[in-house]
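Every number in this text was worked out from the coordinates using simple rules, so none of it is lab data. Predicted, not measured: the structure shown is a model, and the values here were computed from it. Cβ placement follows ideal geometry from the backbone for every residue including glycine, while neighbour counts extend to all protein chains displayed.
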Amino acid sequence: MKKMQVCLLLLLPLLLPQIKAQVPHWGPCPEPATQSAFNFKLFMGRWFEIAKLPAQFEKGRCIETNFTLQFDGTARVVSSEILKGELRTIEGTAVVEDQKNPAKLGISFSYVLPYTPYWILSTDYANFALVYSCTDVLRLFHVDFAWILARGRTLPAATINHGKEVFAKNNIDISRMISSRQQGCDKHL
C-alpha cells in the first residue's frame, strides 16, 4: 500500500491538470445523508443551476437540466448551457441505483461510461434541490461536485445559505462554491 501511495503522489501533478476545475480532496468521499423518502417522479422536470463547486464540464452560463421519466423507470436527462453565445446540450440517462435509498441516483452521458453518483441530499421538489457527486481515486483522494438547484433562475439568499449549511454539516467542503450565471438567458433560448 505504501508503494501505491508514493506512486499516486508522484502521479498527482500529472492528474491535477485533468481535474483543474474540480475540487480534489485527500481521503475517501464523504457519505452524506440523502433525502429520506425520496420520490423520483416528483423530482422530474426543469432545474436551474444556482450555485456549484467548479466543474470542468460546465464552463458556460444559463445551465439547466431537464429530467423526463421514461417507461422503463429511468429518466432522460438533457443538460444545457450557453457557451460563447451558443446553446450547447448533452443528453444522458439517470437511474435509481439503490431501491432502498432512491435519492442515490446515477447519471451517465455516454453508453460506454459508468454511472456517476448524483445524490439528492435535500429537496422540496417545488423550489430547490441540493445535489452531491463524488468519485474516489483508490480511497486516497476524491473529486467532488455539489450543486444548488432551483425550479426558477433565482433562489432567496436564505435558501442558498441553508443549502450551504446542509453541505457543510455533511463534511462537504464548499469553500470554493460559486454562484452560477443565470442572467440574460431567455434571449438565447
Can you show me the helix-derived [θ] at 222 nm for the chain, built from DSSP H runs with n ≥ 4 at -39,500 (n - 2.57) apiece and divided by the number of residues, rounded to the nearest 500. -5000 deg cm²/dmol
Cα convex hull of the range 91-189: mean projected area in nm², to one decimal? 8.4 nm²
Beyond 19 Å (Cα-Cα) in this structure, taken from 52/169; 59/84; 52/100; 100/169, we find 52/100; 100/169
Could you give P(r) for the chain, binned at 10 Å from zero, as whole percent values over all Cα-Cα pairs? 9, 35, 37, 16, 3, 0
Dipole of the chain, Cα-centred, from +1 at each Lys and Arg C-beta and -1 at each Asp and Glu C-beta, to the nearest 20 debye? 360 debye
Once phi is turned into ³J(HN,Hα) by the Karplus curve 6.51 cos²θ - 1.76 cosθ + 1.60 with θ = phi - 60°, what whole-Hz value does each residue of the range 67-84 show in order, with x for glycine and proline? 9, 10, 5, 9, 4, 7, x, 8, 10, 7, 10, 10, 9, 9, 8, 9, 10, 6
What's the exposure ranking of 143, 78, going from fewest to most Cβ atoms within 10 Å? 78, 143
Please name whichever of 131, 75, 54 sits farthest to the positive end of the charge dipole of the chain, dipole taken about the Cα centre and charges placed at Cβ: Lys and Arg +1, Asp and Glu -1. 54
Counting Lys and Arg as +1 and Asp and Glu as -1 over every other residue whose Cβ sits under 10 Å from the Cβ of residue 27, the net charge comes to 0
With springs only between Cα atoms under 10 Å apart, run a GNM on the chain and tell me which of 114, 24, 32 wobbles the most. 114
